[in-house]
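The values are calculated or read from the model by the stated rules, or taken from the named source; none is laboratory data. A quick note: this is a predicted structure, and the numbers were derived from the prediction, not measured. Using ideal geometry, Cβ is built from the backbone for each residue, glycine included, and neighbour counts are taken over all protein chains shown. For accessibility, only protein heavy atoms count, side chains too; no ligands or nucleic acids. Shrake-Rupley method; radii C 1.70, N 1.55, O 1.52, S 1.80 Å.
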Amino acid sequence: MKKISTSKAPQAIGPYSQAVVADRFLFASGQIPVNPATGELAEARIEIQARQVMENVKAILEAAGYSFGDVVKVSCYLKSMEDFNGFNAVYGEYFTGHPARSCVAVREIPKDVLCEVEVTAYQ
């Protein structure tokens, strides 16, 4: 098992890794819309937060030598399903290979953000 860490994505704020590679699988921890350069949250609009989340996911994938094309499963957490269409529009720009996905609304997400995404990739 290899732990993945990059300064181009938010640092873990607890006892976990940004991602772990086991055999040929990459398991990335959930990413929220924190700008890794400033530590600040993205503006509270779903499209802006979703884009920051996708850039954080991209940084972790690239740090491990993976890409969005290697992603086989995505779990998406939204604060409200009213944001589904806006989130989906941004999501579709990044996940062009159409991996398996679940997308649910949850009661709370850390830092009261609008979305969180975690991925599993395979090479």
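Taking 0.36 nm per residue of separation and subtracting the Cα-Cα distance, full extension of the segment from S67 to E82 would add 2.5 nm.
Here the dipole of the range 11-123 is about 200 debye; that uses its Cα centre as origin and unit charges on the Cβ of Lys and Arg (positive) and Asp and Glu (negative).
Ratio of Rg to Rh for the chain: 0.93 [Cα atoms; Kirkwood radius as inverse mean 1/r over pairs]. Counting lysine pairs in the chain that sit 8 or more residues apart in sequence, or on different chains, and whose Cα atoms lie under 19 Å apart gives 5.
Leaving out ligands, DNA and RNA, what percent of the accessible area of the chain is carbon and sulfur, probe 1.4 Å? All intermediate terms of the calculation are to be shown ahead of the outcome.
Working: 3340 of 6690 Å².
The nonpolar share, carbon plus sulfur, comes to 50 percent.
List the GluC sites (Glu not before Pro) in the range 17-67 that DSSP assigns to loop (not H, G, I, E or B) and whose Cβ has at most 14 other Cβ atoms within 10 Å. Which are they?
Working: sites: E40, E43, E47, E55, E62; in loops: E40, E43.
For GluC sites (Glu not before Pro) across the range 17-67 that sit outside H, G, I, E and B with at most 14 neighbouring Cβ atoms in 10 Å, the list reads E40, E43.
The per residue volume of the convex hull around the alpha-carbon atoms of the range 62-123 is 87 Å³. Calculated accessible area for the chain comes out at 54 Å² per residue, all protein chains present (probe 1.4 Å; ligands, DNA, RNA ignored). Can you figure out the FRET efficiency of S75 with R24, using R₀ = 22 Å and their beta-carbon distance, to the nearest 0.05? Efficiency at R0 = 22 Å is approximately 0.65.
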